[in-house]
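Shown next, in C-alpha cells, is the structure this report addresses.
The values are calculated or read from the model by the stated rules, or taken from the named source; none is laboratory data. Just so you know, these numbers come straight off a predicted model, no measurement behind them. We place every Cβ from the backbone using ideal geometry, glycine too, and count neighbours over all the protein chains shown. The accessibility values were calculated without ligands, DNA or RNA, using every heavy atom of the protein model including side chains. Shrake-Rupley method; radii C 1.70, N 1.55, O 1.52, S 1.80 Å.
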Amino acid sequence: MASSMLSLTSASPSPSASLSTQESLKGKLKLRSSGLSFTKEKINPFANGKSFGRVSMVAAVNASRFDGIAMAPPDPILGVSEAFKADTNALKLNLGVGAYRTEELQPYVLDVVKKAENLMLERGENKEVIHVFERVDDLKLFLNYLPIEGLAAFNKVTAELLFGADNPVIKEQKVATVQGLSGTGSLRLAAALIERYFPGAKVLISSPTWGNHKNIFNDARVPWSEYRYYDPKTVGLDFEGMIADIKAAPEGSFVLLHGCAHNPTGIDPTPEQWEKIADVIQEKNHIPFFDVAYQGFASGSLDADAASVRSFAARGMELFVAQSYSKNLGLYAERIGAMNVVCTSADAAARVKSQLKRLARPMYSNPPIHGARIVANVVGDPVLFNEWKAEMELMAGRIKNVRQKLYDSLCAKDKSGKDWSFILKQIGMFSFTGLNEAQSDKMTNKWHVYMTKDGRISLAGLSLAKCEYLADAIIDSFHNVS
Amino acid sequence: MALRSAILKKALCRSSVAGARSMSLWRNVDPAPKDPILGVTEAYLADPSPDKVNVGVGAYRNDNGKPVVLECVRAAERRIAGNLNMEYLPMGGSVKMVEETLKLAYGENSEFIKDKRIAAVQSLSGTGACRLFADFQKRFCPDSQIYIPVPTWANHHNIWRDAQLPQRTFHYYHPESRGLDFAGLMDDIKNAPNGSFFLLHACAHNPTGVDPSEEQWREISYQFKVKGHFAFFDMAYQGFASGDPERDAKAIRIFLEDGHLIGVAQSYAKNMGLYGQRVGCLSVLCEDEKQAVAVKSQLQQLARPMYSNPPVHGALIVSTILGDPDLKNMWLKEVKGMADRIIGMRTALRENLEKLGSPLSWEHITKQHDALILSNRLACSATVG
C-alpha cells in the first residue's frame, strides 16, 4: 500500500521536489481518474480499510479519513436505557439493564457503601505525614497509582469472598487475582490471556448468554461456539444438549459458565447437574471459565451462590473466574471486579498474574481505585460486611417478592392455561419470558415496556405496583403477536 | 509459534489425563518482564536506604515527598461523597466531563465544539485514550502504521503493539545537545509515506521534557499538511509544562488553525492528581456532526467489550471542579503552583549540579519543561559528580 502511494505522488524523487506547488498539484490531479475539483476531494484511508485516491495539499486540510465510517448499531442492552429515557409516556417501564431499583423504582445506593465512602473521606482529610509503612501496599497507595494488578486489600477480600477464606487454593496461594474493570474488563483480560497462550483454543458459550460475551471474545480474537442451554419448550435447561455439546468440543476448550443467576435466562443447573458438568469438563480436559456477576443476588446468600465455583475448585481443577461488584454492591459505574485464575501451584499463579498485568498495562495501565477501596472497606470490616449481607438479603428478597406477584398476576389474568411457573423457578435479576423479538418489540412499542429483544426482563426494575400492568403487557404480546 | 504452543498444550492435556496432578496448563507461561516504569516503584520500595528518592513514576509530589491531593479535589470529593448513585454512565462516559475536557484542549469557545464536530468519549486516563484510538485505527485503517518519537513513554510501544499495528520511529531527541533533533524530525516527516499516522506529545514530552518551539510546531504542521499525515496528540501534562493550560495546548491549536483533523488523548492523572481514578478523554475531530456521531458510536463499540463503560468517580471530580468557576480557578492556581515548583526544582537542581563543579553542561535542565528528567543524565551525573 505504502509503495503504491509513493509511486503515485512522485513521478521520480528529484523532479517532484523541484516542481513548484502549482505544478505538483496539477501533476497530482492528472493522476486522478475522476475530474472532480480537488478542493472537494477527500482523503479516505479509513474507507473500507483501504487507501484510495491521491490527495492534493489543499484538500488535505479539509478532508477526513472517516468518510466511510458507518454508524454502529445501538448496543442491544445499554441502548435500551437510552430509548427508555427518550420515551415521554407516563406508563413507561424500564426492564432493560440489570440495575437494581427500589420499590419506588429509584436507584439504590447501599447504606454500607455510603458509610464506606464517608470513612474514606474522613481518613483522607486527617492523613498525617507518614514516612514509614508497615505494608508495601500502603506505600504504593501513598504514591498514588494503584499497581497494575490493583488494590491489594481488594484482591485479598475478593478472592476470599469467592472461594472462602479457608479454602486451600487461597491458603496455598494458588490463585492469581487481578483487579479488573468490573466483569467486562476481567473477562477481557482473560480472553486476551487465552488468545496469547492458547492460540486457536475455543471458548464455548451458552445459548443464549449475556450479549457482550461474544463481543469480548470477538474483539480479543478468540474463537467461540455455543452449547445448548435454554430449552424453549420447557422454558428450562436443556441439560442433555448442554452435556452433549460440551463433550463434542475439541479437547482443551474453555467452557464459559455462569456461576449463579444465569443471564439472560435466570435458569441455573441444580447441584447434581453441576457435578455432572464438572465430570464431563474434566473428562475432556476443558477449562472451566466462570462469570460470577451476581454473587449474593441469586439466592440472597453469598456463600450459596459461590457453591458451583467452589465445587469445581475442590476437585483440583484449574479455572478462571470473573467477578463483578456492579450489582451486588451497586457499584455499577465504579467498574470494580476481578479476574481470578486458580492454578495447580503458587509458582504458576505468580507467572499467570504477571502476564495478566502485562495485558492490562497497554489497556489502561492500572485500574481505578475508588470502587476497589469501597469493596475493601465493606468486605474487610466485620460490621459493614454483616450489614452488607443483610442489605443483600433485602435486595434479593424484593426480587423474589416481585417474581411471586408477577406470577400471581399472570395466572389471574391469563385464561389460556399457559404455565407461567418458570417465573418462580428462575433465579436472580432476570427472567426469560419466552417472548420473541416481535413480541418484545410490541412490549415496547405498545406498552412502553423496555426490555431486550431476546425476551429478557430485569425484575430488578419492576415494582410490586407495576406487576399487574406488566402482566397485561406480557399476555397481550404473547397471545396477539407471532 | 502457534503450532509449538498447540503441541505443548496437547502434551499438557495428555499428561493431565495420565493423572500427573501437579501438571498445570500454565507451564509455558513465562514470568513477564518487570514494567520498566512501574517496576521502578517496586525497586524503590525494596531499597532499604534512607536516602532513596523515587523519580521513576511521573507523579507529582510536594517538598516532603508527599503526594499531593489538590484542594480543589478535596472540595469536590466532599461534595460528591455518598450522595450520588452509581448507575452506569452512558457508554461514552460523563457528558459533562467530556464537554469541559474538550474546552481545555480545543479552546473555551472552539467552533469545533459548537459545530459538534468532535467525536469524544471518556477514557481510562491517557493509556485508555491511546489504546482506544489505536484499536480504532486498526479497525478502520488496518493497513496503517504508527510513527512514534524516539524516545517516548515506554507504554506507547505496548499499546500500539497490543492493538496489532506496526510501529515506525521518528527522530526526536538529540542527545548531544540534549534538545530537539529538529532536522531529523522534519526529514522523517517528509520521508514517511503520505497519510501516515504520527504520535505527537502535545507538551512536556515524556521522557525528555524537550518540546518544539511555537515556530517549529508551525513548520511541523505545515509539513503535515503537505504530506497529508494524521496527527495524534498525547496530552498528559496540560498545565504542567508552563503553568498555563492554554499555553500548553498551543501545538494543538496551531494544528487546528491549519485545518488538520486531529486526534487527542487527554489525562487528568497528573494535572489534577487523579492518578488512581483513571480519568481522561479521547477525541477525534471530524468533518461534520454526522461523521462525529458515527465515529463516536464506533469508539463506544470498541470500549464495550473492553470495559463496557468508564468509571464514574474521577469523572465526577473533574466535572465538579471544571463546572464550578470558583473550583476551576482554584485548580488553575494549584496547577500553576505545581508547575512553578517544578521549574524552581529544576533551577535548584541545575544550580546545585553546577556548584558541584560538574564539567558537563546542565542548562538543558531548565530548558526542558517537565516533571521528568532523563534518567540516564542523572545516572551519569552521579558518577561524574
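For the reader, a short list of remarks on this structure follows.
- Looking only at the stretch B:217-231, residues that are under 11 Å from B:A251 (Cβ atoms) and open to solvent by 50 Å² or more (accessible area, probe 1.4 Å) come to 1 in all.
- Of all residues in the stretch A:193-223, those satisfying the criterion of being more than 28 Å from A:G455 (Cα to Cα) and not small (G, A, S) are A:L193, A:I194, A:E195, A:R196, A:Y197, A:F198, A:P199, A:R221.
- The set of residues in the stretch B:205-259 that are without any contact (Cβ under 8 Å) to a residue 24 or more places away in the chain and among the hydroxyl-bearing types (S, T, Y) contains only B:S213.
- The single residue among A:V383, A:V378 that is within 14 Å of chain B (Cβ to nearest Cβ) and part of a helix (DSSP H, G or I) turns out to be A:V378.
- Any chance B:I113 is open to solvent by 40 Å² or more (accessible area, probe 1.4 Å) and β-branched (V, I, T): yes
- Flag for B:S308 being at the interface with chain A (Cβ under 9 Å from one of its Cβ atoms) and touching a helix residue (DSSP H, G or I) at 6+ places or on another chain (Cβ under 9 Å): yes
- Across the stretch A:408-416, not a single residue is classified as touching a Gly at 6+ places or on another chain (Cβ under 6 Å) and either on the phi < 0 side of the Ramachandran plot or not in a helix (DSSP H, G or I) (or both).
- Out of A:E393, A:E334, A:E387, one residue alone is in contact with a Pro (Cβ under 8 Å, 6 or more places away or on another chain) and not β-branched (V, I, T). It is A:E334.
- Among residues of the stretch A:332-350 that are in the same structural domain as A:D291 (by the TED database) and open to solvent by less than 10 Å² (accessible area, probe 1.4 Å), those with a Cβ under 6 angstrom from a residue that is part of a loop (DSSP other than H, G, I, E, B) and among the polar types (S, T, N, Q), sequence gap 6+ or separate chain, pair up as A:Y332/A:S326; A:C343/B:S24; A:A348/B:S24.
- Checked across the stretch A:415-428, the condition of being in contact with a Pro (Cβ under 8 Å, 6 or more places away or on another chain) and assigned by the TED database to the domain that holds A:I475 holds for no residue.
- If the condition is being open to solvent by 10 Å² or more (accessible area, probe 1.4 Å), within 29 Å of B:E334 (Cα to Cα) and hydrophobic (A, V, I, L, M, F, W, C), then the stretch B:275-306 contributes no residue at all.
- Remark: pairs (first residue in the stretch A:403-421, over 22 Å from A:I267 (Cβ atoms); second residue open to solvent by 50 Å² or more (accessible area, probe 1.4 Å); Cβ separation under 8 Å; 6+ apart in sequence or on different chains) = A:K413/A:E468; A:K413/A:D472; A:S416/A:H479.
- Tally of residues being within 11 Å of chain B (Cβ to nearest Cβ) and either in contact with a Ser or Thr (Cβ under 8 Å, 6 or more places away or on another chain) or open to solvent by less than 10 Å² (accessible area, probe 1.4 Å) (or both) across the stretch A:189-199: 7
- Residue match in the stretch B:223-234 (condition: more than 9 Å from chain A (Cβ to nearest Cβ), of a type in the set (A, V, I, L, M, F, W, C) and in contact with a Ser or Thr (Cβ under 9 Å, 6 or more places away or on another chain)): yes
- Some residue of the stretch B:258-272 being in contact with a Pro (Cβ under 7 Å, 6 or more places away or on another chain), under 23 Å from A:L189 (Cα atoms) and outside any helix (DSSP H, G or I): no
- Which listed residue, of A:P168, A:P208, is in contact with a Lys or Arg (Cβ under 9 Å, 6 or more places away or on another chain), open to solvent by 50 Å² or more (accessible area, probe 1.4 Å) and either in the same structural domain as A:Y294 (by the TED database) or farther than 18 Å from A:A349 by Cα (or both): A:P168
- Residue match in the stretch A:313-327 (condition: touching a Cys at 6+ places or on another chain (Cβ under 9 Å) and assigned to a helix (DSSP H, G or I)): no
- For the stretch A:440-482, the set of residues classified as without any contact (Cβ under 8 Å) to a residue 40 or more places away in the chain, in contact with a strand residue (DSSP E or B) (Cβ under 7 Å, 6 or more places away or on another chain) and open to solvent by 40 Å² or more (accessible area, probe 1.4 Å) is empty.
- Of the residues in the stretch B:264-280, not one is at pLDDT 90 or above, of a type in the set (D, E, K, R) and at negative phi.
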